[in-house]
Each structure stands twice: as C-alpha cells, then as structure tokens.
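A quick write-up on the structure given underneath.
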Amino acid sequence: MDDAKVKKLKYRGRFGQVFIYLGKFFRLFILQSDWKVIPMSAIIAAMVSMAIGSGLFVSMEGTFQASFAITCVCIWNGFFNSIQSICRERPIIKREHRAGMHITSYITAQLIYQMMLCAAQAFITIFVCGQMGVKYPSAGVITSSFLTEYFITLFLITYAADILALMVSAIVHTPMTAMTVMPFLLIVQLVFAGFFELPHMLGDVSDLMISRWGVQGLCVLADYNDLPATVVWNKLVHSGSAIQYGGISLQDALVEAEKQGMRDSILEKLGEANRRDDFAATIQNLADCWAHLILFIVVFAVVTVVFLEFIDHDRR
Amino acid sequence: MGDLANISMKGLVVFSGFFTAGASFIEALGLFFLFRKDKVRGWYAFIPGVCEYHTAIIAEREEDGRTFCLLVVCRYLALTLSNLFAEGSVMRKFWTLVYAALVFAVILFGICIFLGLCRVFERKRGWVFMWLLFPSVTALIWGLSPKFRPNHRIPDMDYEKAAAISGAAVEAIQHGLTINLTDRTVTDAMKKKVLLKDIHMSIPTGHMVLLLGGSGAGKTTFLNAVTGYEKANAEIILNGRDLYNNYESMKYDLGFVPQQDLMRLSDTVYRTVTNAAAIRLPKNMKRADRKKRIDDVLEKFGLNSVKNSQVGKLSGGQRKRLSIATELISDPTLFILDEPDSGLDGIVARNLFKSLRSIADEGKIVIVITHTPDRVSDLFDDVIVLAKDAARTGRLGFYGPIKDAYSFFGKESMEDILLSVNQKDEGGEGRADEFVEKYSGLLNKKAV
C-alpha cells in the first residue's frame, strides 16, 4: 500500500473500541459463567443479615457491627468480581494491544462492565437484607429516599473495592499471584476499617482505606448518633444482680427504672457518650465518604491504565 | 563497677564490629575464588548485592537472585527505619516486625540459592546448613578447595572468536521487506546483552520464508524487531515505507500469529473473528464488505461449520486456524507465524502450511518458524538461518533459496543445517561462526 492510501485509512478509535470490548465482556458474563458472582452476593448478604441484621438501625452497637459486616461483604464482592479479570487474559491483551487495541478502551469497557456488576450486587444486598427482616429507615441524609442513598453507598464501596482488585489484576502477571495477594488486601481493609482500636499513628492510615469510608457512610446513613446504646444496659440487666448498693441490686434498680418508663432516656444518655462526629447524619459527612470512595475509584483506574500500558514489555 | 561494665560493653561492641567485618571479608574472599571457578569476575564478591546476584547465577537461580538482592536491600532499609524511631514506639515495633519478616524471607531465598549451589557443585544438601550458619568458613572451603568444582560453567563469551561484522547493508526494495538490523540489545540486571547483530536481507513479496535457528538463536527477538513490537537499532522497510517511523499506521498491515493460541476460550469463533475485524479493518469499510471478508476468511480456513462453537471446544488444528484467521482478517502484507504446527500431526500441519503457501502466492510475505522444517521445506521459497556466534549473539548464518542453503552448508536436510550451526554443548557441530563469516563474505562479494 502506498503512503497516501495508508494515510487515508481510518481505524476504529478509542471510543469505538469500548463497545467492542463491552459486548465481549457481557457475552463472556454468560458464556464464561461470570454470572456466578450475582447469586454468590445474594447468599453472602443473606448469611450476614441473618447474623447481624437484628441490630441494624436499632442500636448503636448493632448498627456499627452491621455496617462493618456489610462493608466487608461489599469489599468481598468487589474483590471477587475483578481480581482475575485482567491477569487471566494478560497474554491475549498483549496480542490484541499489538494488533491495535487501545488499553484505555479496554479498561473503560472493564470499568463500565464492573460498574454494572457492582450495581447489581448492591441492589441484591439491599433486597436480600430487606427480605431477611432488616427494617430500613425511610428518610435519607441528602434526599428523602433512604434506599437511594444506601444503594449509592453500597455501590461505591463495592465498586471501589472492585477497581482496587482490577488494579492488582493489572499489576500482577498470573491469577495465582492475584489470589495470593487478595487475602492480604482484605485483611488490611478489615484491620483499618475503624472497627478496631488502633494506635493513633496507624489510625491515620485508615483514611486510605475503602472500608473506613464505607463504615462511616453506612453509620451516617443509619443516623448512628441518634440511636440508643443498649449493650451496657443489657449486660447490667443480665448480670447486675451481683452488684449491690444500699441493699438493692443493680439489676433490681434497672428493672424498676424500666417499669417507670425511664429506660429510653437512660439509653439515650448512654448513647450520648458513644456519639462520634464523623458518624453524625450530616450531608457533609456523607459527601465526604462518597467523595473519598469516588477518588479511590479514579486513582485505582488511572493506575490500572498506566500499568497495563507497559504490557508490551512482558517477557515471553 | 558501673564504669567497668560500661567499658567492657563498649569493648564488646567494638569486638563484635571487627568480628562481623572480618567474617564478611573472609566470606567475600571465599566467594572471590568460588566466582573465578565459574569464570565470573572475582571482585564482584566484594560488592554487596552484586555478590548475592552472581552467587545466584552460579547456582542457576538468576530469578531468585534478583528477588534475594531486593529483599536484602529492603531488609537494610527496614532496619534503618526502625532505628529512626524511639525505643518502644509503635512505629519502631512496626518496622522491626517488617525487618523480621524480611530476614525470614532472605533466609528462605538463601536456602533456595544454596540448594542450587549444592546441585551445581554436586554436593550434599547438608551443606545448606553450613552456608546458613557459618557462611565465611563455608565460602572459604568451597572457594579454595580444588575438590569443589561446578558441573557447568557460565557460557563462555568469547568476543574475539565471534565472527566479524559484515556491515553489508542491503538496498531497500519497493515491493517487499528490507531488513537492515545493526543490533538489538537489552540491559538486564545492569548488564548489556547483544541479542542480535548484523542482519541484512531483502525478501520480495510473494515469498514464503522459513526461519531456522537453534534454541536461543534469537528467532522470536528477530521477528519482534522486524514487526516493530520490540524496536532494534535497525531500518525495516516494508513496500517502500519505514516501519518504525510509521508504526501506528502500518501495524494493521502486519499479522503475527504467536505460538500459543491466545484467544478467549469462552467466546464463539464467529465473534472472535468479528471483533478482530472490527479493530483491524478500516472503520469506513462498508458493512457488506466487512461481512464478506469475515465469511471469506472463515471459509478459507474451514471454520464455517464451527463458527457458532466456543473456541475452547475446537480441536488443536481448528484453534490454530482460527488464530491465523484473526490475523489474516486485515489482509496483511507481512504475515509471521511462530511455530504454527506445534501440537499438530503431520497431515494437519502440512495442510496448514499449504494454506500459508496460498497466502504467500497472493502477493504476501510469509515468514514461519517451525521445528519440523523438513516435512514442509518444499513449500518454502527461502530460508533464514540464525545462529549463535561465540559471543552468544544471534547472527545471520544464511539467507537465500532453500536449494542454495543445502549447498552452502553442504547438508541434505534442514535439520542437518540446524545441527551444523548449533553450539557443541547443545549437541551441534558448533560451526556457527564459520558460516556467519562465509555468508558475510558472500554478501560483501555481491556488494562489490
């Protein structure tokens, strides 16, 4: 072909290639049994809501524990969606890249495809928890729809975890390495979720974790600060007979207080001591959480593209 | 009393410092002699990091050696960081923990490398404990004792014996592929390696060329350089256009079929070809023309009957044909195949090569690597023979018609030609440099 003729030829650009790969991913979703992640997320949501669902939106402690557990579910789902997505077909990507495929198109298609998966999983998690008896509040923090905001939060947690795993999948070269790295990532996310007491210096590290912002988002939405703290009350009621003061056991005193209708006010007082500024149901707190999760998604996606651009340097 | 304790403590610290330095020196000295036994430069033993890396090379554990060096560096880093924080602080504990983990990892990798040393020096594995517990004494014994000799040597790099460079660049042809490759080098672990050198040829369109060469002769490196996937110090002209300078527009005019069938096994045959067409064919091509092209390619490679099947369910031969079809969809001028017959039986392989012959007859250049050249040599026009010279660099031993190759090498089969240029330690005749020189002479004569 002569110069002029070759220069006239235009090939499918980045935008056009996104649709080619999007079609391929959705086709493989069915043909490669990738759809299994959908029922898997339903089963995990059912199991978790069975274990901790009763305390969700009811008490401070129950909500905190459940928010942590649901965040873990989302991170687990996200990780499993994409941890092998790139590394399992790395040689194929290299071949296609040499033949004219744009890495940005491939990753954009992955981002859209994974977005759909994560949205489906977030929806399923909310639906299954509802079916398992979790009573959702009606009003949200920003809008009047609690479920919309809850869906957005669960989706962002799942999606951020998903893109983190996609990034790992682009960095490592084999599925085996990816599956070895994944548990470490998961443990780090769990440890730094803000659920465990950490030394001050390490506590700052948690600001870089999806889990920390996930727990905050869910607690903000659950109106954590306005919930009663019931753990201390329940413990004292069950074991307070041993504590005597002025001839009356603490257990008897609490039962008497409950009879006189003072229980709720005492629980509220106990709750006041547990309040946290970052869990207050304010637009600022929720926006903070969403903004951090979106920032993570963007950063992970950019790093994924940068790493995959070097795929031609892979050794044979 | 307190002063006395203080003085003796200081003395202990000074003594342990001297002891450690002395032990390290003795170890390096032992390794100095050990390296020389394997023709590695002895003074490498005195450079931390480089010493560990070369020990790993001698132990035939180069990859482990790299990780080992990295871990050693990280270990020193973690130790330094932990010392920066106050005693009892959380950060100090954290970095001490990291340091401990790295020490553990270093020991594990050390064991791997020492096991490799035991194997290469044909010694019992029990020596690994000696290396771990008393490295300086062990290094000295292994280095000085004439009983400890490696069962191999790192390949000799005899730069003086290597064939001289011809430098006979060929003139670019208007219809075909012109290759003027000065060299292709890589820098690996601070070492510059010349993978290919002094390769010049012109292949006219319509030719089917066999690429012959022993293991490590640089066949794939050569093809990667020719296609521009890994650029060399070269000028590659395809039909009058410089490939390196116009790579973005010319890459669609190249087809490279890798040795492995790199396709998504769960996708269907038709979709695999359609997607390849969508990327490789011009976007302004009419839909009907595109469909016709896809149907033609499927028909040509006998894939019509399985077009709705999943790739993973195809036979080896069908998969290979599909792999070729996805590359051929854009009707490339230069078509390269890396062992397309691997895993195929004789008849299927021959039929495949006949298909490639027909592609070449359509005015394309087809270059093929195969390890069973004699069963299909009649289908080729030319042969390129790559050979490792004395400096272990890939050189051009011959390029020309198949019949001329037989007379040039004085052999009756392609496999015999291959044996003649292969190194002696690979079971060959080790005459690579002789033929490289001879062919250079031919080229220079032609040039005159």
(message) Looking at segment A:100-121, can you tell me whether even one residue there is part of a loop (DSSP other than H, G, I, E, B) and either among the acidic types (Asp, Glu) or crowded, with 22+ Cβ neighbours inside 10 Å (or both)?
(response) yes
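Among the residues of segment A:268-316, how many are within 14 Å of chain B (Cβ to nearest Cβ) and charged (D, E, K, R)? Step through it out loud before you land on a result.
In the first step, residues of segment A:268-316 are kept if they are within 14 Å of chain B (Cβ to nearest Cβ); the result is A:310-316.
Within this subset, residues satisfying the condition of being charged (D, E, K, R) are A:312, A:314-316.
The total comes to 4.
Pick from A:Val172, A:Val205, A:Val191: which is closer than 17 Å to A:Val303 by Cβ and either surrounded by fewer than 20 Cβ atoms within 10 Å (Cβ to Cβ) or touching a Cys at 6+ places or on another chain (Cβ under 9 Å) (or both)?
Just a single option satisfies the conditions, and that option is A:Val172.
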(request) Give, as residue ranges, the strands (runs of 3 or more DSSP E) completely inside segment B:164-269 that count at least 2 residues that are modelled with pLDDT of 90 or more and more than 10 Å from chain A (Cβ to nearest Cβ). (result) B:176-188, B:191-204, B:208-213, B:233-238
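Look at segment A:230-266 and say how many of its residues are within 30 Å of A:Phe151 (Cα to Cα) and at pLDDT 80 or above. Write out each step before concluding.
So the first thing to find is which residues in segment A:230-266 are within 30 Å of A:Phe151 (Cα to Cα), and the list is A:230-231.
Narrowing the set further to residues that are at pLDDT 80 or above leaves none.
Residues flagged as within 30 Å of A:Phe151 (Cα to Cα) and at pLDDT 80 or above within segment A:230-266 amount to 0.
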(request) For segment A:14-48, enumerate the residues that are farther than 17 Å from A:Leu111 by Cα and either within 14 Å of another protein chain (Cβ to nearest Cβ) or buried (at least 20 other Cβ atoms within 10 Å of the Cβ) (or both). (result) A:Ile30, A:Leu31, A:Gln32, A:Ser33, A:Lys36, A:Ser41, A:Ile44, A:Ala45, A:Val48
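Right, B:Phe114: within 30 Å of the chain's Cα centre (by Cα), assigned to a helix (DSSP H, G or I), under 30 Å from A:Val205 (Cβ atoms) and hydrophobic (A, V, I, L, M, F, W, C) or not? I'd like the intermediate steps shown before the answer.
Details: within 30 Å of the chain's Cα centre (by Cα): yes; assigned to a helix (DSSP H, G or I): yes; under 30 Å from A:Val205 (Cβ atoms): no; hydrophobic (A, V, I, L, M, F, W, C): yes.
Judged against the criteria, B:Phe114 is not a match.
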(message) Name the single residue that is nearest to A:Phe68 (Cα to Cα) among those in segment A:216-265 being without any contact (Cβ under 8 Å) to a residue 40 or more places away in the chain and among the charged types (D, E, K, R).
(response) A:Lys235
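For segment B:417-429, check the following and say yes or no: at least one residue is assigned to a loop (DSSP other than H, G, I, E, B) and over 25 Å from B:Asn224 (Cβ atoms).
Just the residues of segment B:417-429 that are assigned to a loop (DSSP other than H, G, I, E, B), to begin with: B:422-423, B:427-429.
After this cut, where a residue has to be over 25 Å from B:Asn224 (Cβ atoms) as well, the list is B:427, B:429.
Yes, there is a match, as at least one residue in segment B:417-429 is assigned to a loop (DSSP other than H, G, I, E, B) and over 25 Å from B:Asn224 (Cβ atoms).
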(message) within 17 Å of A:Leu190 (Cα to Cα), surrounded by 20 or more Cβ atoms within 10 Å (Cβ to Cβ), away from every other protein chain (no Cβ under 14 Å) and of a type in the set (Gly, Ala, Ser): is that true of A:Gly78 in this structure?
(response) yes
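Which helices (runs of 4 or more DSSP H) does segment B:270-387 wholly contain that include 1 or more residues that are polar (S, T, N, Q)? Don't jump to the end; show me each part of the working.
On the way: elements: B:287-300, B:316-328, B:346-361.
It comes to B:316-328, B:346-361.
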(request) Can you give me the number of residues within segment B:43-61 that are assigned to a helix (DSSP H, G or I) and either among the hydroxyl-bearing types (Ser, Thr, Tyr) or crowded, with 17+ Cβ neighbours inside 10 Å (or both)? (result) 10
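A:Thr125 - would you say it is more than 14 Å from chain B (Cβ to nearest Cβ), of a type in the set (S, T, N, Q) and within 16 Å of A:Gly23 (Cβ to Cβ)? Spell out the reasoning first.
On the way: more than 14 Å from chain B (Cβ to nearest Cβ): yes; of a type in the set (S, T, N, Q): yes; within 16 Å of A:Gly23 (Cβ to Cβ): no.
Spelling it out, it is not the case that A:Thr125 is more than 14 Å from chain B (Cβ to nearest Cβ), of a type in the set (S, T, N, Q) and within 16 Å of A:Gly23 (Cβ to Cβ).
Let's see how each residue does on (1) more than 18 Å from A:Leu156 (Cα to Cα); (2) not polar (S, T, N, Q):
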{"position": "A:Trp233", "(1), (2)": "yes, yes"}
{"position": "A:Gln260", "(1), (2)": "yes, no"}
{"position": "A:Ile266", "(1), (2)": "yes, yes"}
{"position": "A:Ala280", "(1), (2)": "yes, yes"}
{"position": "A:Asn285", "(1), (2)": "no, no"}
{"position": "A:Ile297", "(1), (2)": "no, yes"}
{"position": "A:Asp312", "(1), (2)": "yes, yes"}
(message) Can you pull out every residue in segment A:49-61 that is in a helix (DSSP H, G or I) and either crowded, with 21+ Cβ neighbours inside 10 Å or on the phi > 0 side of the Ramachandran plot (or both)?
(response) A:Ser49, A:Gly53, A:Met60
(message) With the requirement that a residue be within 29 Å of A:Phe26 (Cα to Cα) and polar (S, T, N, Q), what does segment B:237-273 give you?
(response) B:Gln259, B:Gln260, B:Ser266, B:Thr268, B:Thr272
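The values are calculated or read from the model by the stated rules, or taken from the named source; none is laboratory data. Predicted, not measured: the structure shown is a model, and the values here were computed from it. Every residue, glycine among them, receives a Cβ derived from its backbone with ideal geometry; neighbour counts consider all protein chains shown.
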